[in-house]
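Worksheet: the structure to be examined is printed underneath.
The values are calculated or read from the model by the stated rules, or taken from the named source; none is laboratory data. All figures in this text were calculated on a predicted structure; none of them were measured in a lab. Cβ coordinates were reconstructed from backbone atoms using ideal geometry, including for glycine residues, and neighbour counts include every protein chain displayed. All accessible areas refer to the heavy atoms of the entire protein, side chains included, with ligands and DNA or RNA removed. Shrake-Rupley method; radii C 1.70, N 1.55, O 1.52, S 1.80 Å.
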Amino acid sequence: MRIISDTNALTEACELLAKSDYVAVDTEFLRETTFWPQLCLIQLSGPELDAIVDPLVDGIDLAPFFKLMGDSSVTKVFHAARQDIEIIFNRGNLIPHPIFDTQVAAMVCGFGDSASYDSLVQKIKNVQLDKSSRFTDWSHRPLSDKQLDYAIADVTHLRDVYLHLKAELERENRTEWLAEEMAILESRETYDLHPDDAWMRLRMRIRKPIELAILKNLAGWREREARNRDVPRGRVLKDDAIFEIAQQQPKDTDALARLRTIPKGFERSQSGAAILAAVNAALAIPKADLPKIPRPTNLPEGTGAAVEMLKVLLKLIAEKQGVAAKIIASGDDLDMLAAKGEDADVAALHGWRREIFGTPALKMISGEMALRFVNKRVDVVDVAPQAE
């Protein structure tokens, strides 16, 4: 294991890793008190090198690392990649390509829903990882030997997990299945949410268009403020306060001060003025131009029973194919399929999902396929078309 604390050593390591066709990558970070993750450690592992990079050392330039992440000839291997890629995107303004997420690959290979890294290492390598350093302060220096051992294990075993899952995907002809999932992780839109869309992170607890207009304004303001100040969104304004303001619609400081979720004196602050401006801007919107409240799809009467049958079909197919049911179809997918059939705009009717589940689901909906209970087990059978 090599500890890297200067730019020259990082350049040398990344040039060596770039000669391989893959590199396992992990990061340690903190974000309890910041909006953007504070990168504290980078772990890298390839066939010829295991390295820990200290990004907190004064003067170190991470450009060689970002160059490696952008090298399309090297597959970047992560486990549960989203947060690691978010850091690389924010710090290096790039998204690694191509990538291989072992958590997603494990779902495709039948290791269950959202398999943890340590469970995969246990199942594939029969190694029990020591995770006692998981929640340590990675910004504190010097790091202990125990912390360093924990950190490097997150990529040395990941390398072997990757090779196992890659071989499994190739053996089952499912490499393209994973590629479809990786396209989502490699999309900039996954990490670059516009502040005006920040309201979509909130669980809808409003009933009127004017309330939605206020909520949108407040969520957008909070997102920009949190980014600019580099603090968690809740440090700027808590979700409960956004909902209360949207419902009570305070127009002045006195009304804002009366709200339960607003701290004493907050109404006279700069943030209080910004909140009132956001509320009054929404109140000035003509009624005809107010946003529409997103409504859940109303399922036709009797659809519930059809959904339950689709759940059974999904479970049968997932077990037969050795794929996690969660990655084939969601509960919302099943609702839409039961209600709209072929017209449902769901992932289950596209690509490999349609091949293994979408088509049988449509046949069941149309009466061409049925479930039967034989010899203490449920099975699927084709149904002969009815004579007219």
Residue match in segment 332-354 (condition: closer than 30 Å to residue 247 by Cα and open to solvent by less than 30 Å² (accessible area, probe 1.4 Å)): no
Complete set of residues in segment 136-170 that are assigned to a helix (DSSP H, G or I), of a type in the set (Ser, Thr, Tyr) and touching a residue at least 60 places away in the same chain (Cβ under 8 Å): 156, 162
Complete set of residues in segment 202-217 that are open to solvent by less than 20 Å² (accessible area, probe 1.4 Å) and at pLDDT 95 or above: 211, 212, 213, 214, 215
Residue list for segment 177-205, filter: among the charged types (D, E, K, R), in a helix (DSSP H, G or I), under 29 Å from residue 357 (Cβ atoms) and touching a helix residue (DSSP H, G or I) at 6+ places or on another chain (Cβ under 9 Å): 180, 181
Evaluation of residue 230 against (1) open to solvent by 30 Å² or more (accessible area, probe 1.4 Å); (2) acidic (Asp, Glu); (3) within 15 Å of residue 282 (Cβ to Cβ) (one fails), failing number: (3)
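So is residue 300 surrounded by fewer than 17 Cβ atoms within 10 Å (Cβ to Cβ), touching a residue at least 40 places away in the same chain (Cβ under 8 Å) and over 30 Å from residue 178 (Cβ atoms) or not? So that I can check it myself, show each step before the final result.
Numbers: surrounded by fewer than 17 Cβ atoms within 10 Å (Cβ to Cβ): yes; touching a residue at least 40 places away in the same chain (Cβ under 8 Å): no; over 30 Å from residue 178 (Cβ atoms): yes.
Considered against the rule, which asks whether it is surrounded by fewer than 17 Cβ atoms within 10 Å (Cβ to Cβ), touching a residue at least 40 places away in the same chain (Cβ under 8 Å) and over 30 Å from residue 178 (Cβ atoms), residue 300 comes out as no.
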Checking residue 319 against (1) in contact with a Leu (Cβ under 9 Å, 6 or more places away or on another chain); (2) under 29 Å from residue 104 (Cα atoms); (3) open to solvent by 90 Å² or more (accessible area, probe 1.4 Å); (4) among the charged types (D, E, K, R), the condition it does not meet: (1)
Pair list, Cβ under 8 Å, 6 or more apart: segment 315-340 residue touching a residue at least 60 places away in the same chain (Cβ under 8 Å), other residue open to solvent by 60 Å² or more (accessible area, probe 1.4 Å) and part of a helix (DSSP H, G or I): 325/315
Residue in segment 121-141 that is open to solvent by 50 Å² or more (accessible area, probe 1.4 Å) and under 26 Å from residue 331 (Cα atoms) present: no
Residue 289 vs. criteria of a type outside the set (Gly, Ala, Ser) and open to solvent by 80 Å² or more (accessible area, probe 1.4 Å): yes
Residue list for segment 288-331, restricted to those being aliphatic (A, V, I, L, M) and within 20 Å of residue 373 (Cα to Cα): 305, 306, 307, 309, 310, 312, 313, 314, 316, 317, 318
Test: residue in segment 32-54 that is of a type in the set (Asp, Glu) and at pLDDT below 95: yes
Test: residue in segment 254-270 that is in a helix (DSSP H, G or I) and in contact with a Ser or Thr (Cβ under 7 Å, 6 or more places away or on another chain): yes
Restricting segment 130-176 to residues that are β-branched (Val, Ile, Thr) and out of contact with any helix residue (DSSP H, G or I) (no Cβ under 9 Å at 6 or more places or on another chain), the residue that is farthest from residue 57 (Cα to Cα): 156
Identity of the residue in segment 245-279, polar (S, T, N, Q) and farther than 12 Å from residue 211 by Cα, that ends up surrounded by the fewest Cβ atoms within 10 Å (Cβ to Cβ): 270
Candidate set from segment 3-60 (those that are without any contact (Cβ under 8 Å) to a residue 12 or more places away in the chain and not charged (D, E, K, R)); member that is least open to solvent (accessible area, probe 1.4 Å): 9
